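The values are calculated or read from the model by the stated rules, or taken from the named source; none is laboratory data. Since this is a predicted model, take the numbers as computed values, not measurements. Cβ sites come from the backbone with ideal geometry, for glycine too, and all protein chains shown count toward neighbours.
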Amino acid sequence: MNQFKIAVVVGSLRKDSFNRQLAQALVRLAPADFVCEFIDIGNLPLYNQDADAQPSDAVLAFKAKIQAANGLLFVTPEYNRSIPGVLKNALDQGSRPYGQNVWAGLPAGVLGISIGAIGTALAQQHLRNVLTFLDVPTLQQPEIFLQHKEGFFDADGNIGPASKDFLQNWVNRYADWVRKHQK
């Protein structure tokens, strides 16, 4: 059986982040042939072109994990109507120096959750814009804009019954997307 390595990138550093909880719950819905690894982006230095010739060990390890993946799963909050700076920094670190973009060609899924009524719609759109430039084929439909409410997660951290089928459908579409884009 082939296994698909999925790099899970959460755009929040907060330990109790709703987006981290969402990512953990989504991983539990993934097919058996998907192996998901959470990629730490909090230890990356701020991108500085002066460091391109000698990237830090943290940057090298980060880029190696992305290169080893068959797909990407981005789960991000929305900060000030856009993506968090820590996520943008990770995207920049992985795409530089010019010509060494580790993101290129990896199929991706994008979603997020917030307490606001429009979920993370604007952050997701900004992220999709960046991913397009980075040559990351991104699942476009179905779009998922989730509002966190009581009962969204059950006591064990799984997706609650009201949203489980909806999100299982998204995960199934994402898995098909990843399989379709394998080289």
Quiz item: Can K180 be described as more than 20 Å from A23 (Cβ to Cβ) and in contact (Cβ under 8 Å) with a residue 40 or more places away in the chain?
Solution: yes
Quiz item: Limited to the range 1-20, what total is found for residues that are more than 25 Å from A58 (Cβ to Cβ), out of contact with any Lys or Arg (no Cβ under 9 Å at 6 or more places or on another chain) and either of a type in the set (F, W, Y) or in a helix (DSSP H, G or I) (or both)?
Solution: 1
Quiz item: Which of the residues that make up the range 66-92 are surrounded by fewer than 16 Cβ atoms within 10 Å (Cβ to Cβ) and of a type in the set (D, E, K, R)?
Solution: R81
Quiz item: Of all residues in the range 71-110, which are hydrophobic (A, V, I, L, M, F, W, C) and out of contact with any strand residue (DSSP E or B) (no Cβ under 6 Å at 6 or more places or on another chain)?
Solution: I83, V86, L87, A90, L91, V102, W103, A104
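Out of L167, L91, L139, L131, report the one residue that is out of contact with any helix residue (DSSP H, G or I) (no Cβ under 7 Å at 6 or more places or on another chain) and either of a type in the set (A, V, I, L, M) or closer than 21 Å to A7 by Cα (or both).
On the way: L167 fails: out of contact with any helix residue (DSSP H, G or I) (no Cβ under 7 Å at 6 or more places or on another chain); L91 fails: out of contact with any helix residue (DSSP H, G or I) (no Cβ under 7 Å at 6 or more places or on another chain); L139 fails: out of contact with any helix residue (DSSP H, G or I) (no Cβ under 7 Å at 6 or more places or on another chain).
Residue meeting the stated conditions: L131.
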Practice problem: Please verify whether the range 23-32 includes one or more residues that are outside any helix (DSSP H, G or I) and without any contact (Cβ under 8 Å) to a residue 40 or more places away in the chain. | Solution: yes
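Is there a residue in the range 3-12 that is surrounded by fewer than 17 Cβ atoms within 10 Å (Cβ to Cβ) and hydroxyl-bearing (S, T, Y)? Can you show your working first?
Here is the first cut: in the range 3-12, the ones surrounded by fewer than 17 Cβ atoms within 10 Å (Cβ to Cβ) are 3, 5.
Within this subset, residues satisfying the condition of being hydroxyl-bearing (S, T, Y) are none.
No, there is no match, as no residue in the range 3-12 is surrounded by fewer than 17 Cβ atoms within 10 Å (Cβ to Cβ) and hydroxyl-bearing (S, T, Y).
Can you tell which of A51, A32, A7, A25 is at pLDDT 95 or above and over 24 Å from R179 (Cα atoms)?
On the way: A32 fails: over 24 Å from R179 (Cα atoms); A7 fails: over 24 Å from R179 (Cα atoms); A25 fails: over 24 Å from R179 (Cα atoms).
Result: A51 is the single residue among A51, A32, A7, A25 that is at pLDDT 95 or above and over 24 Å from R179 (Cα atoms).
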Quiz item: So how many residues does the range 1-22 have that are of a type in the set (A, V, I, L, M) and without any contact (Cβ under 8 Å) to a residue 60 or more places away in the chain?
Solution: 1
Practice problem: Could you list, in sequence order, all residues of the range 101-125 that are more than 30 Å from G151 (Cα to Cα) and in contact with a helix residue (DSSP H, G or I) (Cβ under 7 Å, 6 or more places away or on another chain)? | Solution: N101, V102, W103, P107
Self-check item: Pair list, Cβ under 7 Å, 6 or more apart: the range 133-149 residue farther than 16 Å from H181 by Cα, other residue of a type in the set (F, W, Y) and at pLDDT 95 or above
Solution: P142/W170; I144/W170; H148/F18
Quiz item: In this structure, does P55 turn out to be within 27 Å of D156 (Cβ to Cβ), of a type outside the set (F, W, Y) and either in contact with a His (Cβ under 7 Å, 6 or more places away or on another chain) or surrounded by 14 or more Cβ atoms within 10 Å (Cβ to Cβ) (or both)?
Solution: no
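How many residues are over 14 Å from the mean Cα position of the chain (by Cα), over 23 Å from A68 (Cβ atoms) and without any contact (Cβ under 8 Å) to a residue 60 or more places away in the chain if we restrict to the range 99-128?
So in the range 99-128, the residues over 14 Å from the mean Cα position of the chain (by Cα) come out as 99-102, 104-105, 114-119, 121-122.
Now drop any that are not over 23 Å from A68 (Cβ atoms), which leaves 114-119, 121-122.
If we keep only those that are without any contact (Cβ under 8 Å) to a residue 60 or more places away in the chain too, we end up with 116-119, 121-122.
Residues meeting the conditions: 6.
Restricting the range 123-176 to residues that are among the β-branched types (V, I, T) and closer than 13 Å to I113 by Cβ, which is surrounded by the fewest Cβ atoms within 10 Å (Cβ to Cβ)? Spell out the reasoning first.
Taking the range 123-176 and keeping what is among the β-branched types (V, I, T), we get 130, 132, 136, 138, 144, 159, 171.
Going one step further and asking which of them are closer than 13 Å to I113 by Cβ, we end up with 144, 159.
On the way: I144: 24, I159: 22.
Ranking the qualifying residues of the range 123-176, first place goes to I159.
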